[in-house]
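No lab work stands behind these numbers, since they all come straight from the coordinates. Predicted model only: the values in this text are computed from it and were never measured. Here Cβ is always computed from backbone atoms with ideal geometry, including for glycine, and neighbour counts include all displayed protein chains.
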Amino acid sequence: MAHRKISSGSPFEKPIGFSRAVRTANRILVSGTAPIAKDGSAAFPGDVYLQTRHCLQIIERAITEAGGQLKDVVRTRVYLTDGDTWKEAGIHA
């Protein structure tokens, strides 16, 4: 099976050269995801809870488009600029 690239429509995909996700055989690999709004601006500045939720929504759309479901996810990774906000982000993991 050839790689199938999944785009989120992010304005950064083409100039940076990445896809939101790639499906190959029975695996879906999702690229790092930031809370970017459709217009390219930061979504929900200063609100870690809403930013995390936004990222997971972007990821879920990509996984679904590639034929998977969130229940199929076997690993996640979260990067925070302030470690003290882990509870707000971790609530979604």
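Observations
- The three principal axes of the Cα atoms in the chain give end-to-end lengths of 43, 29, 17 Å, sorted in falling order.
- For Ala42 and Lys5, a Förster radius of 25 Å and the Cβ-Cβ distance give a FRET efficiency of 0.50, rounded to the nearest 0.05.
- Over the chain: helical MRE at 222 nm, DSSP H runs n ≥ 4 each giving -39500 (n - 2.57), nearest 500: -8000 deg cm²/dmol
- Most fluctuating residue given options Ala34, Ala21, Ala42, as computed from a GNM of the chain linking Cα atoms under 10 Å: Ala42
- Taking 0.36 nm per residue of separation and subtracting the Cα-Cα distance, full extension of the segment from Thr24 to Lys71 would add 15.1 nm.
- Separation between Cα centres of the range 36-78 and the range 9-29, rounded to whole Å: 13 Å
- Computed extension length for Tyr49-Val78: 9.2 nm, one decimal, from 0.36 nm per residue of separation with the Cα-Cα distance subtracted.
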